[in-house]
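Trainee: Here you go, one structure.
The values are calculated or read from the model by the stated rules, or taken from the named source; none is laboratory data. Just so we're clear, the structure is a prediction, and the values are computed from it rather than from any experiment. Cβ placement follows ideal geometry from the backbone for every residue including glycine, while neighbour counts extend to all protein chains displayed.
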């Protein structure tokens, strides 16, 4: 080798081995910024997110940077249709391409200069682009530096590499050659057969290709798959697996054109007029990045759902333990929600940074913000649609000031480029919550695209689109992603239909595992399952399974059974609810935790009845408990509806004693009879007793009208003519009567008693028992109302006698357990001159400082029939006075107890 | 035997330079691609699988684990290096550009590495004890080629000086075997300095990254500071703090002979104080040393003791496997803790579900209960996944280990 030639080799080599000294070019600067944002910001945020594809996303973003960097290094690729010549058979292919584009360019006969040497590097991909006069040959070396070569350098390099066996792929990633014969709007990339993993840009190079040129026998599905962005394949020569390739291409919307030779293909390119905007990288980037935003939006939704439930439940405080647990749970969910929102914000900011950088790059290459002429790029259609779908979910969950505008904007870009107005309208209307038209939905339903996001949207809208399970199953099985729970369930159901039981089982159990309860029901209904599966189903809240385990009530695992019954009951399992009620009722009857159990029984059985359980025993039990609780009205209602032997017996006792009702001996007797006939023999004795009993009545009562009643009959008494011309019983007469007939109890209006002479007063208090009507009514009212009804209430009794009024007020404590008479003494006003009862009432002492509105808040009773109407007229709500009559019918023993009780209260 | 036999050899007398045929052969040797490495492929695949599993776990220190795994993956890619360094502890020598690294290394290894600001310093160089003198270069595509002294000289000097050919992207690291370095348990790593004073911010960052990447793989570290600087400055501190090195660091003030002993003493004491108060790393000692005189001015025999300690702790360990196991155990522990937490949660819910009788309220608990049960199931599955995927990873690494041996 001659020394100068050797030096020449070194010079040529050194040319391409130059290392970048300082990266001050904006191109590399931008790329480095991008890498920095990914490494320092994106990765740390993504770390906090539980997304199965997140590392794949980082890789995609990094790859995207690499893809873009090719455009930055070789701007001649921008806005060109890029044709890739895949592995042309060495001799013919290179020679033909060379002849076509480079021969006779400088008057030098290349073929004679390179008789044996192939004119293109056969291990380094080579870009051929339109010569815009600079005639510059470039290469990208392993140090990521763009190096310029003269024509001679280039040819020498190729020659030496052949002669000296220098492996150029060990030094270079890419060549770029200008040719003035190259067609406008196009660039070619010749992709060598042995470009391999050592070429960092191999993937990015294959992504550049819009049209693949390939020889028939080389063409296979596997090769086509490497070129993810191609929209056309030009094939020359005979194809081997033509039909399978046709299928593949149809599916991917790739057009195949056949040619006899490469020269024909060149002619075809010559005729191709269109250019292309191939730098929609902002969209690419957004589509990749928004995968995570989309995921976070869905996650936010998933977190909010249970929170609503929990918050609802927190309104009631049942027992301390579960309340605290719920409170805790609420805290956890809210915290998760907050951090999801925070991560979203962080992530969104980083995305914006990255997208902005990409925007800058596009700008530096002279590409507009949002290119409009995107429609030639096969993937852009899909990417833009996916972007719109993702945005519609994101903006719903994380709305921004101009969410609607942003989405509308994307939609119009899509419509401009790809049409499909109806499809886009469905998505937009779904986002805006507008009504959809039938025809749009029909078109959306039939619109096909190989996009997971679109498929998922269709599945989400399956009811609206009236997709059958079968249709859904078809869509789902074409998706190569992690399925959501309901999708698995639908597949499972479909598998059952087609008899693939094992597969069905797998899908359904997966769905159940992911929280789809319906899947549990399908499993129960259609599959044979093991004992272990029962537990699994029950644990996931499948009510029938929970009930089956719970109903055994196996004493060895009583608690567990109870737990499962509770689970079943919470899912509205009627039999479970009934069963739980019965368990509590049994315990109630055994006197265990009586008050709590009473409450439970009533709650369970009422729910069961509401949900349609017709077992009369339930009503009987409720009636029984109300009876025990002294809520006789409710007891009567439930017992009457139950109409069982025992409930009839209870009714008998109620009517016999007039509990919460007018005592009715006849009615009582008939209920006892019914009870006896339907088998409650214990009623026999009471029945006999009642039949023969004489009701003891020994109450002396002074009516407001001024008559004395004893044992229900009027008693003769001397009356003194009152100065108001109203006759009223003489006190002396009363005294005599008391001495003679010894009544058990004397009642009279409060005011009258107050007015009695002192000696009569003490006589009354010593010889017999005296309570005021007001006290007595208050007592009865208290006994006959529910806690809720009476807690915190003020109650007033207005007694009206001999044209005078007297009022007593009572106040019930906040729990509803006790009441007290208020210290205000009753006031009596002479109402002869005052006709207006409203004014009268307002003049009464306890009300003196009240507005009428306040007075209306009192629960009011009156002791006289006459006044009731008047009170009602002015809007005072009355409670009926039947108790008064009851008092007369109460036997002395009961009465004694009542009085003792009242005295105790006072 | 000295590394560069003919010390007076002038540059024209390099055969690779004089005989272009040989020169081209040398370059050819370095850029020759190898076929696909199946082990390498399976390593990538298995790492992807590991990340997939990792993505499904809810971890506290995911980023840390991810980075460690990336680090391991990087190490595994440098298959040849693993072979070369097996059983040795790597002692990194770091410091700013002017700290006198090459000189220091020559001094402790008794060799003569090229000094100066040439591109050598941008190629990581290991010095290892061996019976015979030998130099190896590991190329960008993981081939290992033997280079004689002239070849190294040609690559590091003549070619670059004459033709501006850059080799730092072609050669990942150089390994110098020499009987003169007397610690068989230590591999000394000379890294590129991290700040050329004349370079832009970007390139500084890049250098920094490279230096950091390399220093992060070392087991021990000697940090050099030019005594003329007079102190450990913020840059030093920042860099040291950012490293992953777990063991104690020896800090050496070089070129000690230029200062009087009293001043040296002051400087050392001040540095000790600075490191103790502002650094976050364990410091073995701070000494003042002169590489040319091979003499320690302050710090007695700290340097010898430090080297001896490293040499003695070295052991025949397949460190990568251990690291992988450690990560696996960490993951399993975390999963175990999570599993326990869910257990407790389930127990609590169990109690509530048995006790609460308000069926309308139970619904919320049932939902949570079934969620916990599912989570528990998923945790178990993930545990199996972790065990299986790490099992695969370990078997791939041991396969590699055997392949290398």
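Trainee: Within the stretch A:215-248, can you find the residues that are touching a helix residue (DSSP H, G or I) at 6+ places or on another chain (Cβ under 7 Å), exposed (fewer than 14 other Cβ atoms within 10 Å of the Cβ) and in a helix (DSSP H, G or I)?
Mentor: Of everything in the stretch A:215-248, those that are touching a helix residue (DSSP H, G or I) at 6+ places or on another chain (Cβ under 7 Å), exposed (fewer than 14 other Cβ atoms within 10 Å of the Cβ) and in a helix (DSSP H, G or I) turn out to be A:221, A:244.
Trainee: Residue A:184 fails exactly one of the following numbered conditions: (1) within 54 Å of the chain's Cα centre (by Cα); (2) not in a strand (DSSP E or B). What is the number of that condition?
Mentor: Of (1) within 54 Å of the chain's Cα centre (by Cα); (2) not in a strand (DSSP E or B), only one is false for residue A:184: (1).
Trainee: For the condition part of a loop (DSSP other than H, G, I, E, B) and out of contact with any helix residue (DSSP H, G or I) (no Cβ under 8 Å at 6 or more places or on another chain), what is the one hit in A:464, A:436, A:448?
Mentor: Numbers: A:464 fails: out of contact with any helix residue (DSSP H, G or I) (no Cβ under 8 Å at 6 or more places or on another chain); A:436 fails: out of contact with any helix residue (DSSP H, G or I) (no Cβ under 8 Å at 6 or more places or on another chain).
Of A:464, A:436, A:448, the one residue that is part of a loop (DSSP other than H, G, I, E, B) and out of contact with any helix residue (DSSP H, G or I) (no Cβ under 8 Å at 6 or more places or on another chain) is A:448.
Trainee: How many residues are within 14 Å of another protein chain (Cβ to nearest Cβ) and free of Cβ contacts under 8 Å to residues at least 40 places away in the same chain if we restrict to the stretch A:32-84? Steps first, answer last, please.
Mentor: Taking the stretch A:32-84 first, the residues within 14 Å of another protein chain (Cβ to nearest Cβ) are A:32-60, A:62-63.
Narrowing further to those that are free of Cβ contacts under 8 Å to residues at least 40 places away in the same chain: A:32, A:35-36, A:39-40, A:43-44, A:47, A:50, A:55-56, A:58-59, A:62.
Number of matching residues: 14.
Trainee: Exactly one of (1) modelled with pLDDT of 70 or more; (2) surrounded by 16 or more Cβ atoms within 10 Å (Cβ to Cβ); (3) part of a helix (DSSP H, G or I) is unmet by residue B:59. Its number?
Mentor: (3)
Trainee: Another question about this same structure. Scan the stretch A:418-432 and give yes if some residue there is assigned to a loop (DSSP other than H, G, I, E, B), without any contact (Cβ under 8 Å) to a residue 24 or more places away in the chain and within 23 Å of the chain's Cα centre (by Cα), otherwise no. Steps first, please.
Mentor: Restricting attention to the stretch A:418-432, the residues satisfying the condition of being assigned to a loop (DSSP other than H, G, I, E, B) are A:419-420.
Narrowing further to those that are without any contact (Cβ under 8 Å) to a residue 24 or more places away in the chain: A:419.
Still in the running and within 23 Å of the chain's Cα centre (by Cα): none.
So far as the stretch A:418-432 goes, no, none of its residues is assigned to a loop (DSSP other than H, G, I, E, B), without any contact (Cβ under 8 Å) to a residue 24 or more places away in the chain and within 23 Å of the chain's Cα centre (by Cα).
Trainee: Just the residues that are at pLDDT 85 or above and within 14 Å of another protein chain (Cβ to nearest Cβ), please, taken from the stretch B:167-193.
Mentor: Scanning the stretch B:167-193 gives no hits.
Trainee: Residue B:339 fails exactly one of the following numbered conditions: (1) at pLDDT below 90; (2) surrounded by fewer than 19 Cβ atoms within 10 Å (Cβ to Cβ). What is the number of that condition?
Mentor: Here residue B:339 clears every test but (1).
Trainee: Here's another thing I want to ask about it. Out of the stretch B:276-295, which residues are modelled with pLDDT under 85 and within 22 Å of the chain's Cα centre (by Cα)?
Mentor: Within the stretch B:276-295, B:279, B:280, B:281, B:282 meet the criteria.
Table: residues versus (1) more than 14 Å from chain B (Cβ to nearest Cβ); (2) on the phi < 0 side of the Ramachandran plot; (3) free of Cβ contacts under 8 Å to residues at least 60 places away in the same chain.
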site: A:133; (1), (2), (3): yes, no, yes
site: A:140; (1), (2), (3): no, yes, no
site: A:148; (1), (2), (3): yes, yes, yes
site: A:153; (1), (2), (3): no, yes, no
site: A:157; (1), (2), (3): no, yes, no
site: A:163; (1), (2), (3): no, yes, yes
site: A:167; (1), (2), (3): no, yes, yes
site: A:172; (1), (2), (3): no, yes, no
site: A:176; (1), (2), (3): yes, yes, no
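Trainee: Ok, one more. Taking residue A:294 and the conditions (1) surrounded by 14 or more Cβ atoms within 10 Å (Cβ to Cβ); (2) more than 30 Å from residue A:77 (Cα to Cα); (3) within 14 Å of chain B (Cβ to nearest Cβ), which numbered condition does it fall short on, given that it satisfies the others?
Mentor: Status for residue A:294: all satisfied but (3).
Trainee: Regarding residue B:387, is this residue more than 13 Å from chain A (Cβ to nearest Cβ), surrounded by 17 or more Cβ atoms within 10 Å (Cβ to Cβ) and closer than 25 Å to residue B:43 by Cβ? I'd like the intermediate steps shown before the answer.
Mentor: Details: more than 13 Å from chain A (Cβ to nearest Cβ): yes; surrounded by 17 or more Cβ atoms within 10 Å (Cβ to Cβ): no; closer than 25 Å to residue B:43 by Cβ: yes.
So residue B:387 fails the test.
Quick grid of which residues meet (1) surrounded by 20 or more Cβ atoms within 10 Å (Cβ to Cβ); (2) in a helix (DSSP H, G or I); (3) away from chain B (no Cβ under 11 Å):
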site: A:304; (1), (2), (3): no, yes, yes
site: A:323; (1), (2), (3): no, yes, no
site: A:330; (1), (2), (3): no, yes, no
site: A:351; (1), (2), (3): yes, yes, yes
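Trainee: Which residue out of B:302, B:339 is away from chain A (no Cβ under 14 Å) and touching a strand residue (DSSP E or B) at 6+ places or on another chain (Cβ under 9 Å)?
Mentor: B:302
Trainee: I would also like to ask the following. Take residue B:325 and tell me if it is under 24 Å from the mean Cα position of the chain (by Cα), modelled with pLDDT of 85 or more and surrounded by fewer than 18 Cβ atoms within 10 Å (Cβ to Cβ). Steps first, please.
Mentor: Working: under 24 Å from the mean Cα position of the chain (by Cα): yes; modelled with pLDDT of 85 or more: yes; surrounded by fewer than 18 Cβ atoms within 10 Å (Cβ to Cβ): yes.
In short, yes.
Trainee: With the requirement that a residue be at the interface with another protein chain (Cβ under 8 Å from one of its Cβ atoms) and in a helix (DSSP H, G or I), what does the stretch A:561-579 give you?
Mentor: A:562, A:563, A:566, A:567, A:569, A:570, A:577, listed by residue number.
Trainee: Sticking with this one: Would you point out the residue of the stretch A:795-816, among those that are at positive phi and modelled with pLDDT under 80, that is surrounded by the fewest Cβ atoms within 10 Å (Cβ to Cβ)?
Mentor: Across the stretch A:795-816, the extreme among qualifying residues is A:803.
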